[in-house]
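Chemist: My questions all concern the structure below.
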Amino acid sequence: MQTPLFIRLAAFLLLFLAKASFAQPPRGPLVVSPQVNADKTVTFRYLAPSAQQVLLNGGQFGSSAVPMAKDTSGIWSVTVGPVKPDIYPYSFQVNGVTVMDPANVAFFPNERFKASLVDVPGDTPLVHALKDVPHGTVSYEYYPSVSGTTGSLVIYTPPGYTKNTSQKYPVFYLISGTTDTEETYFKVGKTNFILDNLIAEGKAKPMIIVMPYGNIAARVAEQTGKPKPADPVVRDDAEAVSRAKAFETDLLTNVIPYVEKNYRTINNRDNRAIGGFSRGGGQTLRAAFGNMDKFAWVCSYSSYLSPQEMDRNFPQIGANSANTNKQFKLLWVSVGSEDFLYKGTLEFMDYLKAKNVNFKSLITDGGHTWMNVKKYLAETAPLLFK
């Protein structure tokens, strides 16, 4: 006897619902986190009914390891601040394990950690805020790179790029720091919003910004099935310099040709800038000093080269300062007074002064943070290609 159709449909529906229940995570009470309050305090929440302890790690806007309290529904919460308006990373420690905020879609791209991000807006919009201005476009690109690998880029094109197809643009190659990825200048540094706002105000020229991944050794290892190598311990030892050279080679022989083939760029040194943060700043200085025919604008954010490395690898910079000053339309050096690279950066500035090399500098408060990087980018972008 054949089973009636409605019984078969009912059985199918029950089977579907049973499978769906296994596929979906268990639902609990709605968690809103982070919640930025009108007085600039911020409330963080984390659902963990069975946890014994939950702590907030928010060292860049307050104390780390702040205890959170659990309510009857199993939601842990704490309110901190008021917090100075900016974008900050944070995470939770749940029973001693560091985790991101599952209620928050904004996160910090990084090789070693995955923090969540909280954006505390200013009463007057900050330079990185989303404003009602014309917006550029952010694209992800993949290019043939060293050792048969595929490299990745995040590329910003300014407002109007897709409409005025006859216009060509200068290019700013912008390199992020140690353990950061090609997404960090975009997702944490808000490079696209900063440029949108500066261009709309007439403070910066429309430009293309290319954000590459700086850790060539890690990418080669990943794509060839090998473990990622540890980062160099000393910033200017043979290993660090070798890796910087590998990045420089990739930049000059693969990245720049790919960009200039696929985007409407002005292909000369006067219309190429290079900049970077931390390790990316070191890569910037080495690539620029070693290829003065390629870049006329150089921006070092929270980074430096030691006098010993300068004398050993780039003696021409100080020995012929007149030529250096002629070649570089901008040499920028900036650092925070609480940055662990502050002392070395000051020594680098003193070296340049002693050699009569022209440069612009900015010393801010704060440490080795992306809050400072955004400041430096906002200060230097208006100086480029003028």
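Chemist: For helix 279-290, report the angle its Cα long axis makes with the longest principal axis of the Cα atoms of the chain; keep it between 0 and 90° and round to the nearest 10°.
Modeler: Its long axis makes an angle of about 30 degrees.
Chemist: Ranking request for peptides 126-136, 278-288: highest mean number of other beta-carbon atoms within 10 Å first, then the rest in descending order.
Modeler: Top of the packing list down: 278-288, 126-136.
Chemist: Related question: Under the rule of -39500 (n - 2.57) per DSSP H run of 4 or more residues, summed and divided by the residues of the chain, what mean residue ellipticity at 222 nm is obtained, to the nearest 500 deg cm²/dmol?
Modeler: -8500 deg cm²/dmol
Chemist: Given Phe340, Phe359, Ser302, which one lies farthest toward the positive end of the charge dipole of the stretch 254-368, if we put +1 on the Cβ of every Lys and Arg and -1 on the Cβ of every Asp and Glu?
Modeler: So the residue furthest toward the plus end is Phe359.
Chemist: Tell me the net charge near Phe348. Cut-off is 12 Å between Cβ atoms, Phe348 excluded, with +1 for each Lys or Arg and -1 for each Asp or Glu. Kindly include the intermediate steps, with their values, before the conclusion.
Modeler: Numbers: positive: Arg235, Lys343, Lys353, Lys355; negative: Asp236, Glu309, Glu347, Asp350.
Summing Lys and Arg as +1 and Asp and Glu as -1 gives 0.
Chemist: Further question: Considering only DSSP beta bridges whose two residues both sit in the chain, what percent are antiparallel, to the nearest 5? Write down the numbers at each step before the final one.
Modeler: On the way: 39 of 63 bridges.
Of all bridge pairs located within the chain, approximately 60 percent are antiparallel.
Chemist: Related question: Take the chain, connect every pair of alpha-carbon atoms lying under 10 Å apart with a spring to form a Gaussian network, then pick out the residue of Phe314, Phe92, Phe289 with the largest mean-square fluctuation.
Modeler: For the chain, modelled as a Gaussian network with Cα springs under 10 Å, the answer is Phe314.
Chemist: Distance in nm between label sites at Lys131 and Lys168, each 7 Å beyond Cα in the beta-carbon direction?
Modeler: Label at Lys131, label at Lys168, 3.1 nm between them.
Chemist: Ok, one more. Can you give the charge dipole size of the chain about its Cα centre, rounded to the nearest 20 debye, using +1 on the beta carbon of Lys and Arg and -1 on the beta carbon of Asp and Glu?
Modeler: Using only the charged Cβ atoms, the result is roughly 720 debye.
Chemist: If we sort 148-157, 100-109 on the protection proxy, mean other Cβ atoms within 10 Å, highest first, what's the order?
Modeler: With the highest mean Cβ count within 10 Å placed first, the list reads 148-157, 100-109.
Chemist: Compute the separation of the alpha-carbon centres of the stretch 318-348 and the stretch 35-53 and state it in Å as a whole number.
Modeler: A separation of 42 Å, based on Cα centres.
Chemist: Please sort 375-384, 256-265 by packing, taking for each peptide the average over its residues of neighbouring beta carbons within 10 angstrom, highest first. Intermediate results must be reported in sequence, preceding the final value.
Modeler: Values: 375-384: 21.0, 256-265: 16.0.
Listed from highest to lowest mean packing, they are 375-384, 256-265.
Chemist: Cut-off 10 angstrom, C-alpha nodes, Gaussian network model of the chain. Which of Gly177, Gly96, Gly59 fluctuates the most?
Modeler: Gly96
Chemist: Let me ask something else about it. Nearest 10 degrees is fine. How inclined is helix 191-200 to the longest principal axis of the chain, computing both from alpha carbons?
Modeler: Roughly 60 degrees between the two axes.
Chemist: By how many degrees, 0 to 90 and rounded to 10, does the Cα axis of helix 5-23 deviate from the longest principal axis of the chain?
Modeler: Result, in degrees: 50.
Chemist: Here's another thing I want to ask about it. Under a 1.4 Å probe, what is the accessible area of the chain per residue, stated in Å²?
Modeler: Here the residues of the chain average 48 Å² of exposed surface.
Chemist: In whole Å, what is the distance between the alpha-carbon centres of the stretch 208-276 and the stretch 120-177?
Modeler: Their Cα centres are 17 Å away from one another.
Chemist: Once the Cβ-Cβ distance between Asn320 and Val146 is put in as r, and R0 is 41 Å, what FRET efficiency do you end up with, to the nearest 0.05?
Modeler: Computed FRET efficiency for Asn320 and Val146 comes out at 0.80.
The values are calculated or read from the model by the stated rules, or taken from the named source; none is laboratory data. For clarity, every value in this text was computed on a predicted model and none was experimentally measured. Glycine also receives a Cβ, built like all others from the backbone with ideal geometry; neighbour counts cover every protein chain displayed. Heavy atoms of the whole protein, side chains included, go into the accessibility calculation; ligands, DNA and RNA do not. Shrake-Rupley method; radii C 1.70, N 1.55, O 1.52, S 1.80 Å.
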